[in-house]
Amino acid sequence: MAKVIIVGAGGVGNVVAHKCAQNTDIFSEIILASRTVEKCEAIAADVLEKQGVSIRTEKLDADVVEETTQLLRRESPDLLINVALPYQDLVLMDACLAAGVHYLDTANYEPLDEAKFEYKWQWAYQERFKEAGLTAVLGSGFDPGVTNIFCAYAQKHLFDEIETIDILDANAGDHGYPFATNFNPEINIREITQEGRYWEEGEWKTIPALSEKQVYDFPEVGPKDAYLLYHEELESLVKHIRGLKRIRFWMTFSEKYLTHLRVLENVGMTSIEPINFKGVEFAPIEFLRAILPDPASLGPRTKGKTCIGCDIVGLKDGKKKRVFIYNSCDHEACYAEVSSQAISYTTGVPAMIGASQIALGHWRTPGVWNMEQLDPDDFMERLGKSGLPWQVIDLPVVGEGE
Ligand code: NDP
């Protein structure tokens with residue numbers, strides 16, 4: 001039984017709160033803390049109504065390490081689930097170290113002024129977490145998160161050697177707006193407008209943003225245009241999957257979405273460089289975020305499914321083999337269950353399950369870990385039971401005439 005503090009009351013924080021409340025045998029006490037306490041209170045009321053569980057709320061500015069440490073010392077939770085923004089990761093890790101609390105997040109740390117998608121700042125905490133006897137689990141959302149676990153599962157159970165991995169992320173949901181992002185717009189746009197990057201034969205290769213695409217036939221969703229992007233899980237997977245020759249990440253976008261994005265980019269609205277407008281300093285992307293629909297408001301309007309998975313080629317018993325391990329999730333079913341669309345749902349459920357692995361003692365080795373470094377079996381079992389059932393399908397190996 002663990003006392004948990006969830007930091008961040010956005011789309012993902014909402015799902016984590018509901019999902020922890022569905023597992024009170026593991027999470028005996030739940031606190032939801034965020035900058036705008038009214039959002040925490042609204043979620044707490046919905047959790048009480050839908051799950052019949054009372055959770056407590058706290059106002060917290062997680063940019064201030066002292067305030068965060070004080071809250072953790074006062075409440076002494078067993079673990080902290082960080083589903084605020086990537087900018088808060090290091091402050092929350094510092095506060096966890098100061099107060100002796102295990103840590104888990106869903107996105108790598110980002111400095112405000114640079115879009116890097118790198119783990120180096122958080123990996124630098126390895127020794128401090130080890131010495132403190134605490135566990136930090138990085139990237140326990142869907143991608144990163146479940147995709148890393150799918151790779152770990154494939155390495156453990158399906159292949160003797162993995163050669164190539166293509167991670168594919170399709171969102172075939174329709175919210176009816178001409179343009180909106182499904183999670184935090186700032187993070188989402190920063191991710192898509194950076195150069196594409198993948199890893200092959202021991203080195204990183206860079207291509208212009210959105211310059212390479214394939215049509216991939218997703219189970220339950222159908223054929224979609226998928227574009228090669230850099231995504232943060234690639235950085236850790238190249239270190240931890242043995243024998244890997246190539247890894248790439250693909251995400252689907254509609255032509256309509258890309259046209260809006262190109263216009264916004266061309267007029268400078270996606271820039272993270274601060275400008276001064278009428279005496280006020282801000283980055284244009286912050287303003288864009290303020291005028292786009294709040295991702296949390298998309299839930300009731302979104303119809304359709306997601307499909308995210310790993311297309312893996314490798315060797316088993318001396319033979320080439322190719323599988324697609326995936327989950328498909330229905331936006332409307334998610335909304336009916338926890339008042340959030342599938343993007344928040346597919347992130348929040350794995351955050352809760354990763355936290356359950358710490359709480360149950362399965363993932364307790366002190367240090368800072370990416371998901372594929374941890375045992376996948378109980379996590380995979382709980383995924384299916386917690387609303388994200390997964391499938392493994394065999395695919396023909398390209399070029400072998402099968
Ligand atoms: P939202 O923008 O909807 O919510 C973020 C929440 O964090 C808001 O409640 C916000 O408060 C709060 N917050 C921001 N700054 C602070 C602060 N300084 N102190 C306390 N609270 C703060 O984002 P999402 O819920 O969509 O995403 C949450 C996280 O999940 C992000 O890090 C995102 O990158 C990650 N993510 C990961 C995915 C994965 O698959 N791995 C997929 C999707 C998202 P306020 O309400 O005051 O603004």
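Within the range 261-278, does at least one residue satisfy the condition of being of a type in the set (A, V, I, L, M), in contact (Cβ under 8 Å) with a residue 24 or more places away in the chain and out of contact with any helix residue (DSSP H, G or I) (no Cβ under 8 Å at 6 or more places or on another chain)? No, every residue in the range 261-278 fails to be of a type in the set (A, V, I, L, M), in contact (Cβ under 8 Å) with a residue 24 or more places away in the chain and out of contact with any helix residue (DSSP H, G or I) (no Cβ under 8 Å at 6 or more places or on another chain). Note on the range 319-328: among residues that are open to solvent by 10 Å² or more (accessible area, probe 1.4 Å) and touching a residue at least 24 places away in the same chain (Cβ under 8 Å), the one that is farthest from residue 148 (Cα to Cα) is 320. Would you confirm whether or not the range 359-373 contains a residue that is within 16 Å of the ligand (Cβ to nearest atom) and either acidic (Asp, Glu) or not in a strand (DSSP E or B) (or both)? Yes; the residues of the range 359-373 include at least one that is within 16 Å of the ligand (Cβ to nearest atom) and either acidic (Asp, Glu) or not in a strand (DSSP E or B) (or both). Screening residue 228 with (1) without any contact (Cβ under 8 Å) to a residue 40 or more places away in the chain; (2) closer than 14 Å to residue 169 by Cα; (3) surrounded by fewer than 17 Cβ atoms within 10 Å (Cβ to Cβ) gives one miss only, at (3). Within the range 82-103, residues that are not assigned by TED's automatic domain parsing to the domain that holds residue 289 and assigned to a helix (DSSP H, G or I) sit with their Cβ atoms under 6 Å from residues that are β-branched (Val, Ile, Thr) and more than 9 Å from the ligand (Cβ to nearest atom), at 6+ positions apart or across chains, in these pairs: 91/65; 94/65; 95/65; 95/69; 98/69; 99/69. Within the range 43-78, being among the small types (Gly, Ala, Ser) and either within 23 Å of the chain's Cα centre (by Cα) or on the phi > 0 side of the Ramachandran plot (or both) holds for 44, 52, 62, 76. Being more than 8 Å from the ligand (Cβ to nearest atom), outside the structural domain of residue 351 (by TED's automatic domain parsing) and of a type in the set (Lys, Arg) is a property that holds for residue 156. Return yes or no: is residue 117 of a type in the set (A, V, I, L, M, F, W, C), within 12 Å of the ligand (Cβ to nearest atom) and either touching a residue at least 60 places away in the same chain (Cβ under 8 Å) or not assigned by TED's automatic domain parsing to the domain that holds residue 372 (or both)? Judged against the criteria, residue 117 is a match.
Per the listing 59, 50, 3, the residue uniquely within 13 Å of the ligand (Cβ to nearest atom), of a type in the set (Lys, Arg) and surrounded by fewer than 17 Cβ atoms within 10 Å (Cβ to Cβ) is 59. For the range 43-81, a residue qualifies if it is among the basic types (Lys, Arg) and not in a helix (DSSP H, G or I), and the qualifying residues are 56, 59. The set of residues in the range 194-209 that are under 21 Å from residue 309 (Cβ atoms) and not aromatic (Phe, Trp, Tyr) comprises 196, 197, 200. Could you tell me whether residue 110 is in a loop (DSSP other than H, G, I, E, B) and near the ligand (Cβ under 9 Å from one of its atoms)? It is true that residue 110 is in a loop (DSSP other than H, G, I, E, B) and near the ligand (Cβ under 9 Å from one of its atoms).
At least 1 residues being closer than 30 Å to residue 19 by Cα and either modelled with pLDDT under 95 or within 20 Å of the chain's Cα centre (by Cα) (or both) is the threshold, and among the strands (runs of 3 or more DSSP E) wholly inside the range 236-344 those reaching it are 246-252, 305-316, 319-330. In the range 82-91, the count of residues that are surrounded by fewer than 23 Cβ atoms within 10 Å (Cβ to Cβ) and more than 30 Å from residue 271 (Cβ to Cβ) is zero. From the list 78, 94, the one residue that fits, being out of contact with any Gly (no Cβ under 6 Å at 6 or more places or on another chain), modelled with pLDDT of 95 or more, more than 16 Å from the ligand (Cβ to nearest atom) and open to solvent by 50 Å² or more (accessible area, probe 1.4 Å), is 78.
The values are calculated or read from the model by the stated rules, or taken from the named source; none is laboratory data. If you're wondering where the values come from, they're calculated on a predicted model, not measured in any experiment. No Cβ is skipped: glycine too gets one built from the backbone with ideal geometry, and neighbour counts run over all protein chains shown. Just the protein is used for accessible areas: all its heavy atoms, side chains included, with ligands, DNA and RNA removed. Shrake-Rupley method; radii C 1.70, N 1.55, O 1.52, S 1.80 Å.
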